[in-house]
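See below for the structure under consideration.
The values are calculated or read from the model by the stated rules, or taken from the named source; none is laboratory data. Just so we're clear, the structure is a prediction, and the values are computed from it rather than from any experiment. Quick reminder, even Gly has a Cβ in these numbers, built from the backbone with ideal geometry, and neighbours come from all protein chains shown. Note: areas computed on protein heavy atoms with side chains; ligands, DNA, RNA excluded. Shrake-Rupley method; radii C 1.70, N 1.55, O 1.52, S 1.80 Å.
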Amino acid sequence: SSGINAEYGGPAIAANESLEYLNLSWNNLRRKGAIAVANGVKNNVMLKHCNLAWNGFGDEGAVALGEALRNNTIITWLDISHNRITVEGVKYLTKGLEGNEGLKHFNISHNPISSLGGCQILESLGKNGSTVIETVELTNVRVDDDLWSAIKEAKKTLPDLNVIHQPYMEGRKKPNPIASLKEWLGHNKHFELIEVFKRFDEEETMEVSKEVLFDAFQQAHLPFDKTNMELLIDQLDGEGREVVVYSDLVDADQNKWLDERLTKYNTLNKTE
């Protein structure tokens, strides 16, 4: 359903007294439509299971979802994975999580919230003395020392909490975006880097500016916050220029190409 339909659908969701299961995944919900749906969820008194994955709620939608979580104590299962929510949006979600007394399963995977966002979510649940949370999905969030500490801390107050996350590797303070990208590509076999480059190389020069590539990768929902996205693009450039040349990717294996780019970048920056 488009944003326009969803604007009308929001009040219908709120008013439906037999609605226990709602699946609006893959519906291109964003801006006003996303907010209307979140408001509908907030005011529905029967809804238990809500799947809003693969939309475009973004940080605006996260504000409304935070309100919904604060007001709706009936909902037990919420999936908002793949929704372009950043650390900024997490601030509003945590306000809802701190006061929520019904939610058992919360999936915020594949949003560029970084480990900081993961920490904030777990801290907000730890502060909530009435939470019944059982599972938090942070599938793609890289677990650095801070997030690992937050997971352990949360389990002190919520010993049965299941946090689904990436493996923890001690001392992982500075994630390597190319390594993260390779891991993500392993889970998203349909995704071809070459296709992204071609789509945004309108003049067919075999190069894309870093600025354009940043927007392209954001649109493709690559799982990086702003800082790591910028570092990823610097690594892909590999030569300290303002463009990423991709002519050598055309007939290459994308993983090997990524390894070569990282080697060039490390040589240029004299890093290990």
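Points to keep in mind about this one:
- Candidates A68, A53 - the one that is modelled with pLDDT of 95 or more, more than 11 Å from the chain's Cα centre (by Cα), at negative phi and among the small types (G, A, S): A68
- Restricted to segment 217-237, and to residues there that are of a type in the set (D, E, K, R) and at pLDDT below 80, the residue that is most open to solvent (accessible area, probe 1.4 Å) is K226.
- Scanning segment 93-105 for residues that are open to solvent by 10 Å² or more (accessible area, probe 1.4 Å), outside any loop (DSSP other than H, G, I, E, B) and not hydroxyl-bearing (S, T, Y) turns up K95, E98, G99, H105.
- Scanning segment 66-87 for residues that are over 24 Å from S130 (Cβ atoms) and in a helix (DSSP H, G or I) turns up just one, V87.
- Qualifying positions in segment 145-191 - modelled with pLDDT of 85 or more, out of contact with any strand residue (DSSP E or B) (no Cβ under 7 Å at 6 or more places or on another chain) and among the polar types (S, T, N, Q): S149, T157
- Residue match in segment 10-33 (condition: over 23 Å from I113 (Cβ atoms), open to solvent by less than 10 Å² (accessible area, probe 1.4 Å) and at pLDDT 90 or above): no
- Restricting S81, S124 to residues that are over 16 Å from L22 (Cα atoms) and hydroxyl-bearing (S, T, Y) narrows the list to S124.
- Residues satisfying the stated conditions in segment 81-136, i.e. touching a strand residue (DSSP E or B) at 6+ places or on another chain (Cβ under 6 Å) and basic (K, R): R84
- Some residue of segment 106-119 being farther than 12 Å from V141 by Cβ and part of a loop (DSSP other than H, G, I, E, B): no
- Taking the listed residues V37, V90, V63, V41, the one that is under 13 Å from N107 (Cα atoms), without any contact (Cβ under 8 Å) to a residue 60 or more places away in the chain and either part of a helix (DSSP H, G or I) or of a type in the set (D, E) (or both) is V90, with no other qualifying.
- When the strands (runs of 3 or more DSSP E) confined to segment 154-258 are screened for residues that are closer than 30 Å to N107 by Cα, those reaching at least 1 such residues are found at 162-164.
- Qualifying residue in segment 127-139 (condition: modelled with pLDDT under 95, under 26 Å from L222 (Cβ atoms), buried (at least 18 other Cβ atoms within 10 Å of the Cβ) and of a type in the set (S, T, Y)): no
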